Amino acid sequence: MPKPSLKDAILDAGLKVMFRTGYHGTSVRDVTAAAGAPQGSFTNHFRSKEAFASEVLDRYFDITRGLVAEALYDASLTPRARLKRYLDIIIGRLEADGFGRGCLIGDLSLEATGSSEMLRTRLAEIFAEWRMPFAACIAEAQTRNEIASNFKPEELADFLLASWQGAILRMKVDRNPDALERFKTIAFQTVFREPT
């Protein structure tokens with residue numbers, strides 16, 4: 001009888017370890033020890049650390065997609081309220097982690113894109129996909145006259161994601177939600193303001 005695969009355990013452990021030590025600070029030994037797996041299991045499932053990090057990133061993005069769907073596809077809320085709801089969901093998750101852990105997509109964007117073309121390409125794909133539901137929600141809000149229409153929905157979605165990532169980075173430095181709340185307040189009073 002074949003042994004059960006340890007791939008999921010290794011990916012789960014990798015997600016936790018990478019959040020704690022970053023891409024460059026994560027070793028195969030750290031990941032397999034956290035997974036309770038022999039080091040050989042890693043090479044059985046992943047051809048390189050880069051390929052492993054890409055799968056960890058995909059696993060994390062699956063979680064992110066779920067959070068996006070929870071907020072942006074909630075038809076009981078107006079589109080503008082859905083955008084705020086997404087930020088509130090993320091703030092709640094960051095608070096549960098003591099404001100010490102941010103977004104793995106943002107973290108790897110900073111750390112790994114200069115040394116890994118594979119990860120840079122995958123992150124670019126993730127940002128392009130991530131932007132789409134935000135752009136659709138913003139377009140709906142503009143159609144309903146909930147958000148000013150002086151910028152294209154795709155531009156506002158890019159602004160939202162990029163600026164939000166910056167606020168998360170600042171939150172990690174300060175270890176409090178001030179940057180997140182400041183971003184939310186200013187963004188919804190200026191860029192995502194209701195038309196006058």
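The values are calculated or read from the model by the stated rules, or taken from the named source; none is laboratory data. The structure presented is a predicted model; accordingly, all values stated were derived computationally and were not measured. Cβ placement follows ideal geometry from the backbone for every residue including glycine, while neighbour counts extend to all protein chains displayed. Side chains included, ligands, DNA and RNA excluded: accessible areas come from the protein's heavy atoms. Shrake-Rupley method; radii C 1.70, N 1.55, O 1.52, S 1.80 Å.
General remarks:
- Hits among lysines - C-alpha to C-alpha of residue 16 under 26 Å, sequence gap 8 or more where chains match: 3, 7, 49, 172
- Taking a straight Cα-Cα cut-off under 16 Å and skipping sequence neighbours fewer than 8 places away in the same chain, the lysines within cross-link reach of residue 184 are 84.
- Residue-normalised accessible area of the range 83-196, expressed per residue, 1.4 Å probe, Å²: 50
- Options [x] 10, 37, 34, 14, 4, 1; [y] 8, 33, 37, 17, 4, 0; [z] 8, 32, 32, 18, 8, 2, 0 - which one matches P(r) over Cα pairs in 10 Å bins from 0, in percent as calculated here: [z]
- Extension gain for the segment residue 70 to residue 8, taken as residue separation times 0.36 nm less the Cα-Cα distance, is 19.9 nm to one decimal.
- Given R0 = 22 Å, the distance between the Cβ atoms of residue 89 and residue 194 translates into a calculated FRET efficiency of 0.50.
- Cβ-defined net charge surrounding residue 103, 13 Å radius [Lys, Arg +1; Asp, Glu -1]: +1
- The chain, accessible surface, carbon-and-sulfur percent (1.4 angstrom probe): 53
- Gyration tensor (alpha-carbon) shape descriptor, the range 71-133, a/c threshold 1.5: oblate
- For the chain, a Gaussian network of Cα nodes joined below 10 Å ranks 121, 78, 113 by mean-square fluctuation, and the top entry is 121.
- Two-site label geometry, residue 128 and residue 81: point separation in nm, points 7 Å out along Cα→Cβ: 3.5
- Taking a sphere under 15 Å around the Cβ of residue 70 and counting the other residues whose Cβ falls inside, with K and R at +1 and D and E at -1, yields a net charge of +2.
- Three-way shape label, the range 103-196, alpha-carbon gyration tensor, a/c 1.5: oblate
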